[in-house]
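Peer 1: Here it is: the structure, laid out below.
The values are calculated or read from the model by the stated rules, or taken from the named source; none is laboratory data. What you see is a predicted model, and the numbers here were worked out from it, not measured in a lab. As a convention, Cβ positions derive from the backbone with ideal geometry for all residues, glycine included, and neighbour counts pool all protein chains shown.
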Amino acid sequence: MSDVPSTDLQVSIAGLCLKNPVMTASGTFGYAAEFADLVDLSRLGAIIVKGLSLEPSAGNPPPRILETPCGMLNAIGLENVGIAAFIAEKLPFLRTLNTPIIVNIYGKTIEEYRRLAERIETVEGIAAIEVNISCPNVSSGGIAFGVDPQSAFNVVNGVRRQTTRPLIVKLSPNVTDITRIARSVVDAGADCLSLINTLTGMAIDIETRKPRLANITGGLSGPAIRPVALRMVWQAAQAVSVPIIGIGGIMTASDAVEFFIAGASAIQVGTANFINPRATLDILEGIEAFCRQHRIEKLSDIVGTLKTG
C-alpha cells in the first residue's frame with residue numbers, strides 16, 4: 001500500500017482553513033478542557049463550544065436528559081457560564097490550542113444576538129461565530145427564529161452588521177422547507193450553514209402519565225435523526241452556494257462520508273461524544289482510512305458527488 005497517496009483533508013470553511021473536516025458540535029464537548037485528558041485537541045479540525053448567552057444560564061430543571069432508541073432527548077436549556085465568564089475563565093485555555101475555536105451564540109431577542117456579536121468582535125482567539133437560530137424569539141410570542149424565513153434573516157443580518165468574523169448559521173430542522181431558511185440566512189450574510197439542530201420530541205412515563213422530561217419536550221439527537229439530517233444537508237447544498245457543515249447522528253466515518261457525498265464540506269460530531277469521548281478522533285481516522293482505500297487525493301473531490309440519475 002506504499003503507493004497509495006496521502007489524502008489532503010484540509011477544508012476551507014467561511015474563510016477558515018481547517019486541517020481536517022471533523023468538528024465538535026456545540027453543547028456536546030463542553031468548553032473542550034473537559035476532554036483534554038481524553039482527546040488530542042490539536043488533531044481536531046475545529047472546536048465549537050457550548051452555546052453562550054449574554055448572562056449565565058442555569059438551564060432547565062431536571063430531569064433534562066433521556067436516552068431513547070437510537071438517540072437521546074435533551075432539555076438542558078442551553079446552560080452556560082455567559083459570555084463574560086467564558087472570555088475570562090474558559091478562553092485562556094482555548095487560546096493555547098492550535099485548533100480554531102468557534103463560539104456558538106444564542107439570544108431571545110435580536111438585540112441580544114447583536115450585543116453578543118459586538119462583544120466577540122473585540123476578543124482575540126475566536127476564529128468564527130456559529131449562530132443558533134433555534135431559540136424562541138420572545139418578541140414574537142416565543143416562535144423560534146429559525147422556523148420563519150424573515151425572522152431568520154433579521155437575526156442573522158443583525159449579527160452580520162456587528163462582526164467581521166466568519167459567520168456560520170445553525171439551522172433548525174423543525175421546518176417544512178429547509179431551503180427557504182437556508183436561502184434567507186445566506187441573503188442576510190451567512191458565510192456557511194451548519195445543519196441540523198435537534199428535532200423536537202418528547203417521552204411519557206406510562207405509569208405516572210407524566211412527561212419524562214421536566215420541560216415536557218426536548219431535542220432529539222443521535223443516529224435516529226441522521227436520515228433527516230442527510231436529506232436536509234443535500235437539499236440545502238442544492239439551494240445555496242456557501243459551504244455546508246453536516247450534523248446529526250454521525251457516529252462513524254461511514255456516516256461522515258455520507259454527509260460529504262450529500263454536499264457537506266465538514267461535519268460536526270455531537271451525541272457520539274457522550275458514548276465515546278474519542279469519537280471525533282475515531283471518525284477522523286476512519287475518514288483517512290476510507291480515502292486511502294479509495295485513493296482519494298483530496299477530500300473535497302467527493303463533496304457533493306451524489307449520483308441521483
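Peer 1: For the range 250-269, give me each residue that is in a loop (DSSP other than H, G, I, E, B) and either in contact with a Leu (Cβ under 9 Å, 6 or more places away or on another chain) or within 19 Å of residue 308 (Cα to Cα) (or both). Spell out the reasoning first.
Peer 2: So in the range 250-269, the residues in a loop (DSSP other than H, G, I, E, B) come out as 250-252, 263-265.
Scanning the range 250-269 gives 263, 264, 265.
Peer 1: Can you name the residue in the range 237-255 that is of a type in the set (Gly, Ala, Ser) and under 14 Å from the mean Cα position of the chain (by Cα) and, of all such residues, is farthest from residue 70 (Cα to Cα)?
Peer 2: Step one: of the range 237-255, the residues of a type in the set (Gly, Ala, Ser) are 237, 239, 241, 246, 248-249, 253-254.
Add one more test, that the residue is under 14 Å from the mean Cα position of the chain (by Cα), and what stays is 246, 248-249.
On the way: 246: 18, 248: 12, 249: 9 Å.
Going through the qualifying residues, I end up with 246.
Peer 1: Which residue is surrounded by the fewest Cβ atoms within 10 Å (Cβ to Cβ), if the candidates are limited to the range 189-235 and must be basic (Lys, Arg) and within 15 Å of residue 173 (Cα to Cα)?
Peer 2: Of everything passing the filter in the range 189-235, 231 is surrounded by the fewest Cβ atoms within 10 Å (Cβ to Cβ).
Peer 1: Something else now. If a residue has to be without any contact (Cβ under 8 Å) to a residue 60 or more places away in the chain, outside any loop (DSSP other than H, G, I, E, B) and of a type in the set (D, E, K, R) to count, how many in the range 120-158 make the cut?
Peer 2: First pass over the range 120-158, keeping only residues without any contact (Cβ under 8 Å) to a residue 60 or more places away in the chain: 120-126, 129, 131, 133, 135-158.
Those left that are additionally outside any loop (DSSP other than H, G, I, E, B): 120-121, 129, 131, 136-140, 143-147, 149-158.
Now narrow it down to the ones that are of a type in the set (D, E, K, R): 121.
Counting residues in the range 120-158 that are without any contact (Cβ under 8 Å) to a residue 60 or more places away in the chain, outside any loop (DSSP other than H, G, I, E, B) and of a type in the set (D, E, K, R) gives 1.
Peer 1: Is there a residue in the range 55-73 that is under 25 Å from residue 112 (Cα atoms), at pLDDT 95 or above and under 16 Å from the mean Cα position of the chain (by Cα)?
Peer 2: There is no residue in the range 55-73 that is under 25 Å from residue 112 (Cα atoms), at pLDDT 95 or above and under 16 Å from the mean Cα position of the chain (by Cα).
Peer 1: If I filter the range 288-298 for residues that are in a strand (DSSP E or B) and under 26 Å from residue 32 (Cβ atoms), do I get at least one hit?
Peer 2: First pass over the range 288-298, keeping only residues in a strand (DSSP E or B): 298.
This time we only want the ones that are under 26 Å from residue 32 (Cβ atoms), so: none.
Within the range 288-298, not a single residue is in a strand (DSSP E or B) and under 26 Å from residue 32 (Cβ atoms).
Peer 1: Restricting to the range 101-134, name every residue that is among the basic types (Lys, Arg) and at pLDDT 95 or above.
Peer 2: Of the range 101-134, the ones among the basic types (Lys, Arg) are 108, 114-115, 119.
Answer for the range 101-134, where residues must be among the basic types (Lys, Arg) and at pLDDT 95 or above: 114, 115, 119.
Peer 1: Additional query: Quick check on the range 138-150: of everything there that is under 20 Å from the mean Cα position of the chain (by Cα) and surrounded by fewer than 23 Cβ atoms within 10 Å (Cβ to Cβ), which residue is nearest to residue 218 (Cα to Cα)? First the steps, then the outcome.
Peer 2: Filtering the range 138-150 for residues under 20 Å from the mean Cα position of the chain (by Cα) gives 144-149.
Subsequent filtering for residues that are surrounded by fewer than 23 Cβ atoms within 10 Å (Cβ to Cβ) retains 144, 147-149.
Details: 144: 14, 147: 16, 148: 20, 149: 23 Å.
By that ranking, first place goes to 144.
Peer 1: Output the residue which, of all residues in the range 236-249 that are outside any loop (DSSP other than H, G, I, E, B) and touching a strand residue (DSSP E or B) at 6+ places or on another chain (Cβ under 7 Å), is nearest to residue 266 (Cα to Cα). Talk me through it step by step, then tell me what you get.
Peer 2: Applying the first criterion (outside any loop (DSSP other than H, G, I, E, B)) to the range 236-249 yields 236-239, 244-247.
Going one step further and asking which of them are touching a strand residue (DSSP E or B) at 6+ places or on another chain (Cβ under 7 Å), we end up with 236-237, 244-247.
Details: 236: 14, 237: 12, 244: 7, 245: 5, 246: 6, 247: 9 Å.
If we take residues in the range 236-249 being outside any loop (DSSP other than H, G, I, E, B) and touching a strand residue (DSSP E or B) at 6+ places or on another chain (Cβ under 7 Å), then 245 is nearest to residue 266 (Cα to Cα).
Peer 1: Run down 12, 6, 42 and say which single residue is touching a Cys at 6+ places or on another chain (Cβ under 9 Å), surrounded by fewer than 15 Cβ atoms within 10 Å (Cβ to Cβ) and farther than 24 Å from residue 224 by Cα. Let's see the steps before the verdict.
Peer 2: Values: 12 fails: touching a Cys at 6+ places or on another chain (Cβ under 9 Å); 42 fails: touching a Cys at 6+ places or on another chain (Cβ under 9 Å).
The match here is 6.
Peer 1: Taking the conditions exactly as written (without any contact (Cβ under 8 Å) to a residue 60 or more places away in the chain and among the hydroxyl-bearing types (Ser, Thr, Tyr)), does residue 53 satisfy them or not?
Peer 2: Values: without any contact (Cβ under 8 Å) to a residue 60 or more places away in the chain: no; among the hydroxyl-bearing types (Ser, Thr, Tyr): yes.
For residue 53, the condition - without any contact (Cβ under 8 Å) to a residue 60 or more places away in the chain and among the hydroxyl-bearing types (Ser, Thr, Tyr) - is not met.
Peer 1: One residue is enough: does the range 223-236 have a residue meeting the conditions among the aromatic types (Phe, Trp, Tyr) and under 18 Å from residue 69 (Cβ atoms)?
Peer 2: Looking only at the range 223-236, we keep the residues that are among the aromatic types (Phe, Trp, Tyr), and these are 234.
Filter once more, keeping what is under 18 Å from residue 69 (Cβ atoms): none.
Scanning the range 223-236, I find no residue that is among the aromatic types (Phe, Trp, Tyr) and under 18 Å from residue 69 (Cβ atoms), so the answer is no.
Peer 1: Let me ask something else. Counting only residues that are in contact with an Asp or Glu (Cβ under 9 Å, 6 or more places away or on another chain) and among the small types (Gly, Ala, Ser), how many does the range 112-138 have?
Peer 2: 1
Peer 1: Assuming residue 238 fulfils every condition listed in (1) surrounded by fewer than 23 Cβ atoms within 10 Å (Cβ to Cβ); (2) free of Cβ contacts under 8 Å to residues at least 40 places away in the same chain apart from one, which condition is it?
Peer 2: (2)
Peer 1: Next question, about the same structure. Can you tell me which residue among 183, 114 is out of contact with any strand residue (DSSP E or B) (no Cβ under 6 Å at 6 or more places or on another chain), farther than 26 Å from residue 239 by Cα and not in a loop (DSSP other than H, G, I, E, B)?
Peer 2: 114
Peer 1: Taking residue 194, is it touching a strand residue (DSSP E or B) at 6+ places or on another chain (Cβ under 9 Å) and either closer than 22 Å to residue 128 by Cα or not hydrophobic (A, V, I, L, M, F, W, C) (or both)?
Peer 2: Details: touching a strand residue (DSSP E or B) at 6+ places or on another chain (Cβ under 9 Å): yes; either closer than 22 Å to residue 128 by Cα or not hydrophobic (A, V, I, L, M, F, W, C) (or both): yes.
Here the answer is yes, as residue 194 does meet what is asked.
Peer 1: Would a scan of the range 215-228 turn up a residue that is in contact with a helix residue (DSSP H, G or I) (Cβ under 7 Å, 6 or more places away or on another chain) and in a helix (DSSP H, G or I)?
Peer 2: The answer is yes; a qualifying residue exists.
Peer 1: Filter the range 155-179 for residues that are under 11 Å from residue 192 (Cβ atoms) and among the basic types (Lys, Arg) and give the result.
Peer 2: 170
Peer 1: Being surrounded by 19 or more Cβ atoms within 10 Å (Cβ to Cβ) and farther than 17 Å from residue 31 by Cα is the filter here; which residues of the range 120-137 pass it?
Peer 2: Of everything in the range 120-137, those that are surrounded by 19 or more Cβ atoms within 10 Å (Cβ to Cβ) and farther than 17 Å from residue 31 by Cα turn out to be 133, 134, 135, 137.
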